[in-house]
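Visitor: Here it is: the structure, laid out below.
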Amino acid sequence: MATSLRRPSFSSRSSSSPDADDEGVRGTCEDASICKRFAVSIGYWHDPYIQHFVRLSKERKAPEINRGYFARVHGIRQLIKAFLQKTECQCQIINLGAGMDTAFWTLKDEGLLPRKYFEVDFPVIVTRKLHSIKFKSLLSKPILDLHSEETLQIDGQMLDSKRYAIIGADLRDLPELEEKLKKCNMNTQLPTLLMTECVLVYMTPEQSANLLKWAANNFETAMFINYEQVNMDDRFGQIMIENLRRRQCDLAGVETCKSLESQKERLLSNGWETASAVNMMELYSRLPRAEVSRLIFICRLSRQLF
């Protein structure tokens with residue numbers, strides 16, 4: 001077999017226009033990304049890549065928001081690393097509704113990449129993310145370095161390489177989702193970690209149930225991480241719902257977010273053998289005391305700076 005010393009190159013094609021009906025939901029991706037970017041900028045956690053995807057907001061974020069996002073990122077990444085260590089990285093990760101997530105790049109830096117890392121989101125979000133990847137070498141170089149083929153094909157809604165793929169697809173259209181993942185060499189025999197962050201709540205209960213069933217039934221060994229709201233019947237939850245509705249963003253799946261028990265039950269009733277859940281206060285209480293002290297110091301410092 002002959003090999004080439006030429007560096008793989010990107011080959012581009014055009015993209016299509018987005019579906020305006022989901023504009024409100026897509027806007028929540030921007031909101032979450034900006035909050036993460038701000039928290040990183042004042043030292044809550046280290047992420048040298050998010051700045052290349054997300055602008056830095058001039059608006060100061062409240063300490064409660066910063067700490068909440070820290071706990072969210074920390075908790076999910078601890079679970080990801082546990083799965084990778086358990087499988088010795090002989091696995092795949094499928095991030096559903098990935099937005100501007102940077103886990104692929106940070107895992108590569110830590111020597112913890114799975115056999116392949118997949119991201120899926122609305123085509124318009126993928127188009128934006130691919131633009132950043134294509135034109136910023138800090139993002140494209142890690143992908144190209146791992147890619148052994150002569151060229152790497154990229155269009156406005158998909159990139160597929162040896163270790164990383166990003167796909168524009170609607171999670172409510174399971175035949176399309178499965179077809180595109182298989183086109184990018186998804187392997188249903190590999191241990192698979194699927195993850196969603198505030199994604200299922202924007203789908204109807206029937207739509208999210210179908211996605212969970214598909215995930216439970218299509219992989220020989222799988223784990224599902226879902227970060228999502230609970231206690232949506234209390235006053236805080238009602239304010240959240242009202243605020244999102246003013247932005248033409250309806251939480252279509254809010255009835256499944258009543259409690260930790262309802263979150264576990266949706267998994268158990270859709271093909272998953274076991275399920276466990278904790279709220280973010282409990283997760284925060286499990287942080288090492290030294291880490292909590294560091295966060296308190298950052299919080300106090302940020303109040304002085306701003």
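Visitor: Rg and Dmax of segment 131-280 over Cα atoms: what are they, in angstrom?
Guide: Computed over the Cα atoms of segment 131-280, radius of gyration and Dmax are 18.1, 56 Å.
Visitor: What FRET efficiency comes out for the pair residue 141/residue 185, r = Cβ-Cβ distance, R0 = 22 Å, nearest 0.05?
Guide: With R0 = 22 Å, the Cβ-Cβ based efficiency is 0.50.
Visitor: Additional query: Rounded, prolate or oblate, given the Cα gyration tensor of segment 138-209, with a/c below 1.5 counting as rounded?
Guide: Taking the square roots of the gyration eigenvalues as a ≥ b ≥ c, segment 138-209 is prolate.
Visitor: Relative to the present Cα-Cα distance, how much length would full extension add between residue 65 and residue 301 at 0.36 nm per residue of separation?
Guide: On the way: separation 236, 0.36 × 236 = 84.96 nm, distance 1.55 nm.
Full-extension gain reported as 83.4 nm.
Visitor: How much of the calculated P(r) for segment 70-186 lies past 25 Å, in percent of all Cα pairs? Write down the numbers at each step before the final one.
Guide: Working: 1310 of 6786 pairs.
In whole percent, the share of Cα-Cα pairs in segment 70-186 beyond 25 Å is 19.
Visitor: Let me ask you something else. Report the longest stretch of the chain that contains none of the GluC sites (Glu not before Pro) sitting in a DSSP loop with at most 15 other Cβ atoms within 10 Å.
Guide: On the way: sites that count: 59, 88, 110, 149, 150, 220, 273.
Maximal segment without exposed cleavage sites: 151-219.
Visitor: At q = 0.14 Å⁻¹, what log₁₀ I(q)/I(0) does a Debye calculation on the Cα points of segment 246-306 give, no solvent, two decimals?
Guide: Per q value, in the given order, log10 I(q)/I(0) is -0.71.
Visitor: May I pose another question? Based on the alpha carbons, how large is the Rg to Rh ratio for the chain when Rh follows Kirkwood? Please report the intermediate quantities before stating the final value.
Guide: Working: Rg = 19.4 Å, Rh = 20.4 Å.
Radius of gyration over Kirkwood radius for the chain works out to 0.95.
Visitor: When the helices in the chain are scored as -39500 (n - 2.57) per DSSP H run of 4 or longer and the sum is shared across all residues, what 222 nm value do you end up with, to the nearest 500 deg cm²/dmol?
Guide: -14500 deg cm²/dmol
Visitor: Here's a follow-up. Place a +1 charge on the Cβ of each Lys and Arg in the chain and a -1 charge on the Cβ of each Asp and Glu, then give the dipole magnitude about the Cα centre in debye, rounded to the nearest 20.
Guide: On the way: 42 positive and 39 negative charges, 290 e Å.
Using Cβ point charges on Lys, Arg, Asp and Glu, the chain gives about 1400 debye.
Visitor: Further, regarding this structure: Relative contact order for the chain: what percent, with Cα pairs under 8 Å and sequence separation of 6 or more? Mind showing how you got there, number by number?
Guide: Values: 431 pairs, mean separation 57.0, N = 306.
Averaging sequence separation for qualifying contacts and normalising by length gives 19 percent for the chain.
Visitor: Can you give the local net charge around residue 98? Use residues other than it whose beta-carbon is closer than 11 angstrom to its beta-carbon, Lys and Arg +1, Asp and Glu -1.
Guide: Values: positive: 129; negative: 101, 119, 121, 197.
It works out to a net charge of -3.
Visitor: Find the eigenvalues of the gyration tensor of the Cα atoms of segment 36-126, then list the square roots of 5 times those eigenvalues as equivalent ellipsoid semi-axes, largest first, in whole angstrom.
Guide: Values: eigenvalues 120, 51, 26 Å².
One finds semi-axes of 24, 16, 11 Å for segment 36-126.
Visitor: Please work out the FRET efficiency for the pair residue 247 and residue 172, using the Cβ-Cβ distance as r and a Förster radius of 22 Å; give the result to the nearest 0.05.
Guide: The calculated FRET efficiency here is 0.60.
Visitor: If you don't mind, another one. How large is log10 of I(q)/I(0) for segment 171-233 at q = 0.17, 0.18, 0.21, 0.30 Å⁻¹ when the intensity is taken from the Debye formula with one equal scatterer per alpha-carbon?
Guide: With no solvent term, the Cα-only Debye profile gives -0.63, -0.70, -0.93, -1.44.
Visitor: Once you have a ≥ b ≥ c as the square roots of the Cα gyration tensor eigenvalues for segment 78-147, tell me rounded if a/c is under 1.5, and otherwise prolate or oblate according to whether a/b is larger than b/c.
Guide: Details: a/c = 2.37, a/b = 1.46, b/c = 1.63.
Since a/c reaches 1.5 but b/c is at least a/b, the shape of segment 78-147 is classed as oblate.
Visitor: Which one, 236, 274, 252, projects farthest toward the positive side of the charge dipole computed for the chain from Cβ point charges (K/R +1, D/E -1)?
Guide: Going by the Cα projections, it comes out as 236.
Visitor: Let me ask something else about it. At R0 = 25 Å, how high is the FRET efficiency between residue 280 and residue 233 if r is their beta carbon distance? Nearest 0.05 is fine.
Guide: FRET efficiency, residue 280 to residue 233: 0.90.
Read the figures in this text as sums done on the coordinates, not as results from a lab. Please read all numbers here as calculations on a predicted model, not as lab measurements. With ideal geometry, Cβ positions are generated from the backbone for all residues, glycine too; neighbour counts draw on all protein chains shown.
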